[in-house]
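One structure below.
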Amino acid sequence: MKAVIKADPSPGAVLAEVDKPSPGLGEVLIKVAAASVCGTDLDLAYNWETASSTWGSPLPLILGHECSGYVAETGSEVSGVNVGDLVVVETHIFCGDCAACLADAKHNCLNMAIPGVSRDGVFAEFVVVPARACYVVKEGVEPEVAVLYEAAGVAVHATQRAGDIAGKTVALTGAGPVGLFLIATLRALGAEHVVVMEPNDARRERASELGAATFRAEEADEFVTYCQKYGKIDGADVAFDVSGAIPAYDLLFRALGKESTLVSVGHTTKPLSVNISRDLNVRVITWKGTFGRHIWSSWDIVDGLVRSGQLNLNDFIVEEIQLDDLPTRLTDVASLPGKVIVRP
Ligand SMILES: [Zn+2]
Ligand SMILES: [Zn+2]
């Protein structure tokens, strides 16, 4: 079968012919219908040493982790997933028995595996994953929409971490795909004001179409003033950083009000300096992390928002490309104002 692989540590990825996998105990073979591209894919392809040192990625490796497809074959002892089902892969493949899994934190499994990162991924015609990592999508949702449940689920999980959103003023830095999903989700959940800082023009324009008040990088003071004007106690009630950029935190700590909540969604790769007294304590700010999707509540929330028409994932697709073209397109999809669908 055809697959996009990372063959060696040098920058980039290549199209290759590889063996079609077959499902073992508790596993299913998925015929990929749609995959989507994420920043992590680009990171692994172009910053291999840094990315692989975090994840211990093997070489050669089939890249890609976001996919939907139809179950083509089931291995032994598979239940709940049947041949012909449309499924989306939960990319945090969990073991089900560790302390985290037993504590309702499967997204943080101690034995986690991730397709396209620590095991063969989904930029291929077929992929094998454990049946327990499949979210079965009921009729009425197409594969190119279903595949976006994974990234939209990250946004939904972030809102679950923040608590009640209705009527709140929310500050947000970074309107890449997950940031855009987050803006749409916040609007659906009844946020009164969503205040967004995003330097990229196309992404900022998209954020504004979704109903956010948007600001350019040079408008930091205006961003803060806006949050202070509408937030309940002298600043935003809730904030999310989706950019992973260090300077975003200086801005968000200025924009946040007292008794507010900050959720870190983007992964910063360098340490950050925070004034605990000024930034956190005297304003009694709750600061939380988030990772992946809560399994399976984030998925069910996304599915509900999609089926009720509150979250139109179709609108977030900016382009569809063929698997063959992916190696040459990987770098330029990184700055687009939405998601790119890959068809095998
Ligand atoms: Zn991803
Ligand atoms: Zn586990």
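The values are calculated or read from the model by the stated rules, or taken from the named source; none is laboratory data. Source: prediction; values computed, not measured. Counting neighbours? That spans all protein chains shown, and the Cβs are built from the backbone with ideal geometry, glycine included. The accessibility values were calculated without ligands, DNA or RNA, using every heavy atom of the protein model including side chains. Shrake-Rupley method; radii C 1.70, N 1.55, O 1.52, S 1.80 Å.
Annotations
- With respect to (1) at pLDDT 95 or above; (2) part of a helix (DSSP H, G or I), the lone exception for Ala334 is condition (1).
- Pairs where the first residue, in the stretch 73-99, is on the phi > 0 side of the Ramachandran plot and the second is part of a loop (DSSP other than H, G, I, E, B) and more than 16 Å from ligand 2 (Cβ to nearest atom), C-beta under 9 Å, 6+ apart: Glu77/Leu25
- Summed over the stretch 123-143, the residues that are under 24 Å from Leu44 (Cβ atoms) and of a type outside the set (Val, Ile, Thr) give a count of 9.
- When the stretch 320-331 is limited to residues that are open to solvent by less than 60 Å² (accessible area, probe 1.4 Å) and closer than 21 Å to Val178 by Cα, the one that is modelled with the lowest pLDDT turns out to be Leu330.
Quick grid of which residues meet (1) open to solvent by 40 Å² or more (accessible area, probe 1.4 Å); (2) of a type in the set (Val, Ile, Thr):
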residue	(1), (2)
Cys109	no, no
Val129	no, yes
Arg132	yes, no
Ala146	no, no
Gly179	no, no
Ala191	no, no
Glu198	no, no
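- Residue within the stretch 49-58 that is away from ligand 1 (no atom under 16 Å from the Cβ) and within 22 Å of Asp324 (Cβ to Cβ) present: no
- Cross-chain or 6+ apart pairs with Cβ under 9 Å, the stretch 36-48 first and touching a residue at least 40 places away in the same chain (Cβ under 8 Å) and under 18 Å from Glu319 (Cβ atoms), then among the aromatic types (Phe, Trp, Tyr) and within 13 Å of ligand 1 (Cβ to nearest atom): Val37/Phe123; Asp41/Phe123
- Scanning the stretch 241-283 for residues that are farther than 25 Å from Thr50 by Cα and part of a strand (DSSP E or B) yields a total of 7.
- Flag set for Leu262, criterion: more than 21 Å from Gly64 (Cβ to Cβ), open to solvent by less than 70 Å² (accessible area, probe 1.4 Å), free of Cβ contacts under 8 Å to residues at least 60 places away in the same chain and in contact with a strand residue (DSSP E or B) (Cβ under 6 Å, 6 or more places away or on another chain).
- Scanning the stretch 226-240 for residues that are of a type in the set (A, V, I, L, M, F, W, C) and in a helix (DSSP H, G or I) turns up just one, Cys227.
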